[in-house]
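Student: I have a structure here, written as structure tokens, and I will follow up with some questions on it.
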Amino acid sequence: MTNDKLLHKWLNNTLSAEELEIFQKRPEYDSLSRVYKHTENLSSPKLNTEAMLQTILASPKSTALTKSKGSTLNPPRTSTILKKKSKSFSKWMKAGIAASILVLAGYLVMAPTAQDMVNIQLAAGQVKSGKFPDDSRFVLSGNSTLSYDNNSWHKARTVNLKGEANFSVYKGEPFKVMTTEGSIEVLGTKFTVISRDGHFEVKCKEGSVLVKTKKGHTEEVLKPGEMLSIDNDGTFINLRENISRFKNAPLKDAMTVMEKKFRIVFYNTEIDTEQILTCNFQHKNLNQALKTTMTPLGIKYETFGNGQIRIFK
Amino acid sequence: MHTNAKMAETEFSICKEAVYSQIFREYATTLFNYLYYKCGDKDQAEDLTQEAFMKLWQNCDKVNYETAKGYVFKTANNKLLNIYEHEKVKLRYKAKPQISHTNQNPEFLMEEKELEKALNKAIADLPEKQRVVFLLSRIDKKTYKEIAEIIGISKQAVEKRIYNALDTLRRLSGNIR
């Protein structure tokens with residue numbers, strides 16, 4: 001069937017006159033013709049080859065890739081950014097520092113069959129630890145699946161994960177973790193990712209982390225101490241060095257951050273701290289921050305000398 | 001003979017701009033189309049094409065003229081395999097404007113459009129292996145032999161994929177009328 005010589009000849013326009021006559025008598029000839037005619041009208045997008053050629057020839061031989069005008073060239077660009085920002089630190093394998101925890105929910109995405117895919121699938125209650133080709137480590141939790149390509153690891157460290165895992169990442173090529181909520185890219189660093197029940201949260205501990213979320217259409221680079229979280233219900237929290245941003249977040253979250261940043265303690269007996277608010281406040285002025293968070297909700301506040309703040313209706 | 005071979009090598013060194021340019025002009029579009037049929041993303045296909053050819057340029061002293069084509073295709077393929085794609089492939093085709101209609105009946109035109117839409121969707125829904133081969137044949141007009149070379153499969157495998165693609169599409173086309 002698949003070696004239907006006439007069919008292939010017809011498709012490639014190499015039928016003789018007699019062969020064509022025979023072929024046209026086939027019952028499916030009409031529908032085949034329609035398909036053929038349709039494809040005659042198809043074309044692929046245009047590629048500006050000359051511009052690309054000139055860009056390549058003009059580039060210095062030894063440096064990293066650059067792109068001509070137009071869209072961004074992803075991995076090399078971001079790795080350059082990260083290289084500039086991340087601190088260098090030597091291998092910390094035996095340092096005994098708390099390992100990063102990487103928890104990812106979402107659907108499993110398997111890269112199409114590649115050279116040497118490693119697939120690990122665990123049932124509930126199981127745990128398995130392992131090493132990537134560059135000695136970076138992972139610990140996979142129960143009810144989780146992890147996969148990566150052994151052969152291309154030295155070129156691009158990409159992991160597809162469903163469930164929960166712990167990663168310890170050496171400095172090197174960009175290390176990417178793929179989830180449906182978004183992607184995380186690091187260059188040898190420590191970070192926490194929580195992705196559970198529609199809640200996606202990334203906290204950077206060391207180095208820098210590039211977070212791209214799908215839902216929030218966000219792309220942020222987090223430095224140590226910074227975090228970003230986004231929920232299915234539209235809650236978005238971004239805590240950076242100088243400013244905190246909340247969208248549809250519970251008041252108590254903002255209060256917790258303020259307590260930490262301004263070294264205060266809230267005293268509250270009557271305010272519902274679950275109520276939702278949207279606000280941004282900078283970390284340099286407590287009064288401004290209080291005004292921005294409390295006033296829109298109609299909450300009054302009173303400052304005491306010892307860093308205590310009472311909030312009330 | 002040995003010295004001749006060596007001479008030929010330097011003669012066709014890819015590090016020579018003229019030589020590299022010739023290779024580029026010959027294969028860049030095909031590589032781009034191939035990648036586009038695979039991933040359905042014009043920007044990504046463009047990026048990967050440039051990356052692959054850039055890599056060839058940077059490694060021009062390590063790659064032979066004869067194997068340059070294979071080198072860029074393999075490089076691009078490997079890069080693509082590493083790229084995460086969980087979204088359904090949505091291919092956008094530029095439909096060339098239809099010059100004439102033998103039947104101007106609005107009903108007929110409507111059916112044409114329906115069929116067009118349905119076929120485009122069906123093509124995008126084809127398994128990647130079939131889609132890539134099918135489009136390289138239909139849009140780029142590559143021979144089965146050329147396609148086999150590009151992808152790195154046998155000619156029979158190409159035939160099989162084309163057959164299956166055609167089968168799917170013509171059944172759909174048959175059902176619409």
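Student: In the neighborhood of B:Lys79, defined by Cβ-to-Cβ distances under 12 Å, what is the net charge if each Lys or Arg adds +1 and each Asp or Glu adds -1?
Tutor: That sum, taken over residues with Cβ under 12 Å, equals +1.
Student: Which entries in A:Lys162/A:Lys212; B:Lys16/B:Lys42; B:Lys69/B:Lys142; B:Lys42/B:Lys62; B:Lys38/B:Lys69 show an alpha-carbon gap greater than 20 Å?
Tutor: B:Lys16/B:Lys42; B:Lys42/B:Lys62
Student: Same structure, new question: I want the local charge near B:Arg170. Using Cβ-Cβ distances under 11 Å, sum +1 for each Lys or Arg and -1 for each Asp or Glu among the other residues.
Tutor: So the surrounding residues net to 0.
Student: Once you place label points 7 Å from the Cα toward the Cβ at A:Lys252 and A:Asp135, how far apart are they in nm?
Tutor: Going from the A:Lys252 label point to the A:Asp135 one covers 4.5 nm.
Student: I would also like to ask the following. Extension gain A:Lys313-A:Asn13, at 0.36 nm per residue separation less the Cα-Cα distance, in nm?
Tutor: Separation in residues times 0.36 nm, less the Cα-Cα distance, equals 99.7 nm.
Student: Which ³J(HN,Hα) values, rounded to whole Hz and listed in residue order, are derived for the stretch A:269-279 from phi using the Karplus coefficients 6.51, -1.76 and 1.60 in 6.51 cos²θ - 1.76 cosθ + 1.60 with θ = phi - 60°, glycine and proline given as x?
Tutor: These are the phi-based 3J(HN,Hα) values: 10, 10, 8, 7, 7, 8, 5, 8, 9, 10, 6 Hz.
Student: Starting from the amide H of A:Gln126, placed 1.01 Å from N in the peptide plane, find each other amide H under 5 Å away whose residue is 5 or more places distant or on another chain.
Tutor: Result for A:Gln126 returns A:Gly142, A:Asn143.
Student: Further, regarding this structure: When the Karplus curve 6.51 cos²θ - 1.76 cosθ + 1.60 is applied with θ = phi - 60°, which whole-Hz ³J(HN,Hα) does each residue of the stretch B:119-124 get, with x for Gly and Pro?
Tutor: So the J values, rounded to whole Hz, are 5, 4, 5, 4, 5, 5.
Student: In nanometres, what is the gap between the two model label sites at A:Thr295 and A:Lys223, each 7 Å from Cα along Cα-to-Cβ?
Tutor: For the pair A:Thr295/A:Lys223, the computed spacing is 2.9 nm.
Student: Suppose R0 equals 56 Å; then what is the FRET efficiency for B:Ser154 and A:Gln275 from their Cβ-Cβ distance, rounded to the nearest 0.05?
Tutor: 0.25
Student: Using amide H atoms built 1.01 Å from N in the peptide plane, name the residues 5+ places from A:Phe266, or on other chains, whose amide H lies under 5 Å from its own.
Tutor: Distant-sequence amide H within range of A:Phe266: A:Ile309.
Student: Next question. Taking amide H atoms as placed 1.01 Å from N in the peptide plane, list the residues 5 or more away in sequence, or in a different chain, whose amide H sits under 5 Å from that of A:Glu226.
Tutor: Under 5 Å from the amide H of A:Glu226 lie the amide H atoms of A:Cys204, each far enough along the sequence or on another chain.
Student: Follow-up question, since we're still on this one. Tabulate in residue order the Karplus-calculated ³J(HN,Hα) for the stretch B:59-72, using 6.51 cos²θ - 1.76 cosθ + 1.60 with θ = phi - 60°, rounded to whole Hz; enter x for Gly and Pro.
Tutor: Values, residue by residue: 10, 4, 7, 10, 10, 6, 3, 5, 9, 4, 4, x, 4, 5 Hz.
Student: Which whole-angstrom value gives the distance between the alpha carbon centres of the stretch B:56-79 and the stretch A:227-305?
Tutor: Answer, in whole Å: 55.
Student: So, one more: Applying 1/(1 + (r/R0)^6) with R0 = 30 Å to the Cβ-Cβ distance of A:Glu259 and A:Asn143, what FRET efficiency is obtained, to the nearest 0.05?
Tutor: 0.25
FYI, it's all coordinate maths here, none of it is from the lab. Fair warning: this is a prediction, and the values are worked out from it, not measured in the lab. Quick reminder, even Gly has a Cβ in these numbers, built from the backbone with ideal geometry, and neighbours come from all protein chains shown.
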